[in-house]
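The structure under discussion appears below in the form of structure tokens.
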Amino acid sequence: MKRVQLTTANPGQSQHSYLVILAEKDGLDRLNDILLPSETSFLRQGIEREVSHFFFPRAEGCVFVRILKNDTDAAAAAEIARLAGNEFLRDLRQYKLESVAVRNLCKQNRSLAFAEGLALGSYQFLKYFTQPEKKEKILREIVVEDAPEQDIAELNALLKAVFLARDMVNEPQSHFDAVQLAAAVVAAGSEYGFEVEVLEKEKIESLKMGGILAVNKASSAPPRFCILEWKPDSPKNEKPVVLVGKGVVYDTGGLSLKPTDGMDYMKCDMAGAATVVGTLAAAAINRLPVHIIGLIPATDNQIGERAMAPGDVIRMYSGASVEVLNTDAEGRLILADALHYAKKYKPDLVLDLATLTGAAVRALGTQAICYMGTAPEQTKRALEKSGWNTYERLVELPLWKEFGDELKSNIADLKNIGSGNAGMITAGKFLEHFATEYPWLHLDIAGPAYLRTANGYRTKEGTGVGVRLLYDFLKKQYV
Ligand code: BES
Ligand code: ZN
Ligand code: ZN
């Protein structure tokens, strides 16, 4: 697949035939040098009627003018520009344009955010069509005038990373089992420059990672445990940040089988893993001076005669015993082993990302990530701030001790489900049991990770949520 590239040109200098100009209502005079007097008066009349898109044909191409609403809040203003960028795709497609230049006439420079929304919205996953070229709506290049080369390179890297995460989520399990997922992680590592080690089933067995092995019991494909590392020459952090991603390549629910309606998109259950891979890719391409480890436990959750059964007791990697009362609560079992493994790095912070509960989807829908954890307040506020910056917003939920009481088992150290209420919190309490010895945050991305229909520049199916968020957070928190 050919994917869009951002480039830059001198301020006001691009000789591009197709130009989109970003302007605000209270700065229209700036358009006088570009538009003819008759065009300016047409534009002013339109603006009075709340029109925000204009199109002026030229002999050699055309000029689009987009009037952007402003906002005193910088994050909100950036999101307005991203959404406008995405909407502009319609114009580009109507005129079958493959390349366009963006010129900023707003008070603040909003062209990068506009280009970001335009590029993110242009993503397509066409791999499995017999004639993909017939479906392809190509946007090859966005020339962002007057943008620092470094910002353009950074944004290109982020786009690559988000598209990589989306591609991984969009792969169906028929073509992407745990072994194929691990191979894709190795390939991404060699392409973008981070290290990857893959633990195979024998190693996982010898380590006694009982959570991963139990979930994998009915699978025809063996499990994998991927260890990713981006270690720059002089990292700003002494102790690494560890990112853990749920890598359930397909979740049938196991013997606690899901109903048809809930199963049809369970290829998305490795979205946490995809976010971890995307974030390491973005960090490595941009040579972010932060030492990051990624951990991905990967398997599918299948039914079959060898499957783990409700009522089984399993022994986790940490040594704890767990009574499995619902085999559909499998994500926490594989994450628990990875969270225990994370201790060996003596990390500065551990963040896990997982499509963990339907409860998170019911509570917050697709707009927010529901998160919780033991990290300090400052870390939580910084993450929330990055949530606003990237518009991958987060809502914190409490980990009060009383929620943990629901996990008491009659025959083992804990059981894997609570009472049914506040399911995203009891899932968090289960993970907290294993996430000891370091500050930790758990991000339940079940809502925003996968969309049945597009929402703005978040294209349908895998969204790659978390990549832009974590990159922004790691950069602001550590660099
Ligand atoms: N993978 C699902 C959660 C999920 C739901 C992801 C919707 C994406 C969209 C997870 O493994 C699961 O099935 N959780 C159960 C837990 C329950 C049995 C305690 C759930 O939320 O129903
Ligand atoms: Zn499940
Ligand atoms: Zn699951």
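Out of Ala359, Ala338, Ala363, which single residue is more than 14 Å from ligand 1 (Cβ to nearest atom) and either closer than 20 Å to Pro240 by Cβ or surrounded by fewer than 24 Cβ atoms within 10 Å (Cβ to Cβ) (or both)?
Just a single option satisfies the conditions, and that option is Ala338.
Would you please name the residue that is nearest to ligand 2 (Cβ to nearest atom), looking only at residues in the stretch 260-306 that are charged (D, E, K, R) and buried (at least 24 other Cβ atoms within 10 Å of the Cβ)? By that ranking, first place goes to Asp269.
Which of the helices (runs of 4 or more DSSP H) found entirely inside the stretch 103-179 contain at least 2 residues meeting this: under 19 Å from Lys2 (Cβ atoms), modelled with pLDDT of 95 or more and in contact with a Ser or Thr (Cβ under 6 Å, 6 or more places away or on another chain)?
Those helices (runs of 4 or more DSSP H) span 149-170.
Step by step: first the residues of the stretch 344-356, then only those that are on the phi < 0 side of the Ramachandran plot and assigned to a loop (DSSP other than H, G, I, E, B), then the one that is farthest from ligand 3 (Cβ to nearest atom). Which residue is that? Result: Asp348. When restricted to residues that are more than 15 Å from Ala368 (Cα to Cα), polar (S, T, N, Q) and not in a loop (DSSP other than H, G, I, E, B), the stretch 450-479 contains 1. Within the stretch 51-69, restricting attention to residues that are modelled with pLDDT under 95 and not in a strand (DSSP E or B), the residue that is nearest to Thr390 (Cα to Cα) is Glu60. Screening the stretch 237-259 for residues that are surrounded by fewer than 14 Cβ atoms within 10 Å (Cβ to Cβ) and more than 15 Å from ligand 2 (Cβ to nearest atom) and picking the one that is farthest from Asp337 (Cα to Cα) gives Glu238.
Conditions (1) within 23 Å of the chain's Cα centre (by Cα); (2) surrounded by 23 or more Cβ atoms within 10 Å (Cβ to Cβ); (3) under 28 Å from Gly462 (Cβ atoms); (4) free of Cβ contacts under 8 Å to residues at least 24 places away in the same chain, marked per residue:
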position	(1), (2), (3), (4)
Asn70	no, no, no, no
Arg90	no, no, yes, yes
Cys106	no, no, no, no
Asn109	no, no, no, no
Gly117	yes, yes, yes, no
Lys135	no, no, yes, yes
Val144	no, yes, yes, no
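If only one of Leu31, Leu22, Leu43, Leu36 is exposed (fewer than 13 other Cβ atoms within 10 Å of the Cβ), outside the structural domain of Lys385 (by TED's automatic domain parsing) and among the hydrophobic types (A, V, I, L, M, F, W, C), which one is it? Exactly one residue qualifies, and that residue is Leu36.
Among residues of the stretch 182-206 that are on the phi < 0 side of the Ramachandran plot and assigned to a helix (DSSP H, G or I), none has a beta-carbon under 9 Å from a residue that is surrounded by fewer than 19 Cβ atoms within 10 Å (Cβ to Cβ) and modelled with pLDDT under 95 at least six positions away or on a different chain.
Taking the stretch 357-440 and the helices (runs of 4 or more DSSP H) fully enclosed by it, the elements with 2 or more residues that are touching a residue at least 40 places away in the same chain (Cβ under 8 Å), out of contact with any strand residue (DSSP E or B) (no Cβ under 9 Å at 6 or more places or on another chain) and under 26 Å from Ala78 (Cβ atoms) are at 377-390.
The values are calculated or read from the model by the stated rules, or taken from the named source; none is laboratory data. As the structure is a computational prediction, the values presented were derived from the model and not from experiment. All Cβ positions, glycine included, derive from the backbone under ideal geometry; neighbour counts span all protein chains shown.
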